[in-house]
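Student: Sharing a structure, written as structure tokens. Questions coming.
Just so it is clear, none of the values below were taken in a lab; they were calculated from the coordinates. Small disclaimer: the values here were computed from a predicted structure and weren't measured. Cβ sites come from the backbone with ideal geometry, for glycine too, and all protein chains shown count toward neighbours.
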Ligand SMILES: [Zn+2]
């Protein structure tokens, strides 16, 4: 397997040599969570698709020997904020071939898609952002822009203020709808609603946005209105709110990071999701395998009452990078600032995380961004800790949570996703090849951008992005995943 980079590159350009496949993965343990296939097979890739899965040998212009390794669909992350190249690089080493910004969405879908075109390592896409549409209508600035290749795009969360905390008038709600319609026309994959970041949005405004999603035949992806047990405004009430809105309107619903909103009551919250599904509602959810969350400290999530709701204090807030634990004074300084600053929020227990990840309704999604180890380590961590060490998940169940489940959530409104999340003939050639004995996360709260180990090969749309454990330079095979409303 050594020296394959040179070998593959040389042969890829030698078009005179006629071979049946562009690339062959030979002798790996092929796992497909939809068909249940779990057997040693050869996989032939041609023109970006999986063209053959065979017991017999296949001839390719490039052959990679995968004996002893797992060959699985590339992981699909429905919840990835960090869309810069540094984040994409660590996602790739974590086995991710598609990473979408669905929770909040970006402020300008068209601008985002243009920024990313031709310079993305992995597949990308976004929802239309209710938070951003609301800020725009209220005339409030979003936080200052992304750095690096996404410079010029604003951050996705606004500072708390009138635009986040005040109810919208009927006229304003009309303009929010108009903006979201435009964003869906530009290719938004659904409506992203960070309700907790705009607490001024009334129940009726939320229902109105669900109506819009239903009209446009796209799902709502939502960060719930509140966390904790205190009533009124508990996590349970927050789950009820969005399940109610889904039932009233018929819009499909995906609740993001149920672990970091429901905290100690995650299993109870999941029972509400289960009940809704049992009555025919299209409701899904996700979790990440860490005890801390991370968000912007000047956002409305930290409006008065957060300590009581979360049952934590200032010292449970930690600045990534420096490791500084906040005091009341420091918190107030940062919360008031117009400049966005990420903060880690230590509010969950390892027991609850361990109880949540294996549950059948949970798909894996990272909520990744630079500063938190989940950006780099979510998928490897699940495979290392829950499959290999604790043995609370089978390998096939874990792969299902990382591939088929998110693909099925996407494909109900975006038919192109039917070709993702599967290791089948005809599926997109988004493939991860990893060693089940060694795959591990290396990122920590001190070193959040340490890449995972154990991914030998990563293929994105038929192109090798990681070969023999190394990133292939100067290839950008990531493509846009576009919502059904795109006006062409
Ligand atoms: Zn969130």
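Student: Work out how much length residue 175 to residue 338 would gain on full extension: take 0.36 nm times their residue separation and subtract the Cα-Cα distance, in nm to one decimal. Present the calculation step by step, with values, prior to reporting the outcome.
Tutor: Details: separation 163, 0.36 × 163 = 58.68 nm, distance 2.52 nm.
Answer, rounded to one decimal: 56.2 nm.
Student: Considering only C-alpha atoms, what is the centroid distance from region 193-239 to region 254-293, in Å?
Tutor: Here the answer is 14 Å between Cα centres.
Student: Another question, if that's okay. What ranking do 122, 258, 362, 207 get, fewest neighbouring Cβ atoms within 10 angstrom at the top? Show your work: numbers first, answer last.
Tutor: On the way: 122 29, 258 26, 362 22, 207 18.
Going from least to most buried by this count: 207, 362, 258, 122.
Student: Whole angstrom only: what separates the Cα centroid of region 169-187 from the Cα centroid of region 76-104?
Tutor: 27 Å
Student: Follow-up question, since we're still on this one. Tell me the volume per residue, in Å³, of the convex hull enclosing the alpha carbons of the chain. Numbers along the way, then the final one.
Tutor: On the way: hull volume 64.0 nm³, N = 488.
Per residue, the Cα convex hull of the chain comes to 131 Å³.
Student: If you don't mind, there's one more thing I want to ask. Once the Cβ-Cβ distance between residue 444 and residue 38 is put in as r, and R0 is 30 Å, what FRET efficiency do you end up with, to the nearest 0.05? Could you put the intermediate results ahead of the total?
Tutor: On the way: r = 32 Å, r/R0 = 1.08.
FRET efficiency, residue 444 to residue 38: 0.40.
Student: Compute the helix-to-body angle for 170-185: its Cα long axis versus the longest principal axis of the chain, expressed 0 to 90° and rounded to tens.
Tutor: Helix 170-185 sits roughly 10 degrees off the main axis of the chain.
Student: Using label points projected 7 Å from each Cα along Cα→Cβ, tell me how many nm separate residue 325 and residue 240, to one decimal.
Tutor: With each label point 7 Å from Cα toward Cβ, the separation is 3.6 nm.
Student: How much length would be gained if the chain were fully extended between residue 278 and residue 390, taking 0.36 nm per residue of separation minus their Cα-Cα distance, in nm to one decimal? Could the numbers behind the result be given before it?
Tutor: On the way: separation 112, 0.36 × 112 = 40.32 nm, distance 2.98 nm.
Stretched fully, the residue 278-residue 390 segment lengthens by 37.3 nm.
Student: Quick one: 109, 283, fewest Cβ neighbours within 10 Å first, how do they rank? It would help to have the intermediate numbers written out before the result.
Tutor: Details: 109 27, 283 23.
Least crowded to most crowded, the residues run 283, 109.
Student: Something else about it: Can you sort 387, 239 from fewest to most other Cβ atoms within 10 Å of each residue's own Cβ? Walk me through the numbers on the way to the answer.
Tutor: Values: 387 20, 239 27.
With the fewest neighbours first, 387, 239 line up as 387, 239.
Student: Would you mind computing, in nm to one decimal, how far apart the modelled labels at residue 47 and residue 471 are, each placed 7 Å from Cα along Cα→Cβ?
Tutor: Calculated label separation equals 3.2 nm.
Student: Give me the distance in nm between label points sitting 7 Å out from Cα along the Cα-to-Cβ direction at residue 211 and residue 418, one decimal.
Tutor: 3.2 nm
Student: Can you give the extra length, in nm with one decimal, that the chain gains between residue 67 and residue 86 once fully stretched, where that is 0.36 nm per residue apart less the Cα-Cα distance?
Tutor: Numbers: separation 19, 0.36 × 19 = 6.84 nm, distance 3.04 nm.
This chain segment gains 3.8 nm when fully extended.
Student: If one computes the Cα centroid of region 416-436 and of region 20-38, what distance in Å separates the two points?
Tutor: 9 Å
Student: Okay, next question. What ratio of Cα Rg to 2.2 N^0.38 Å holds for region 162-252? All intermediate terms of the calculation are to be shown ahead of the outcome.
Tutor: On the way: Rg = 12.9 Å, N = 91, 2.2 N^0.38 = 12.2 Å.
Expressed relative to 2.2 N^0.38 Å, the Cα Rg reads 1.06.
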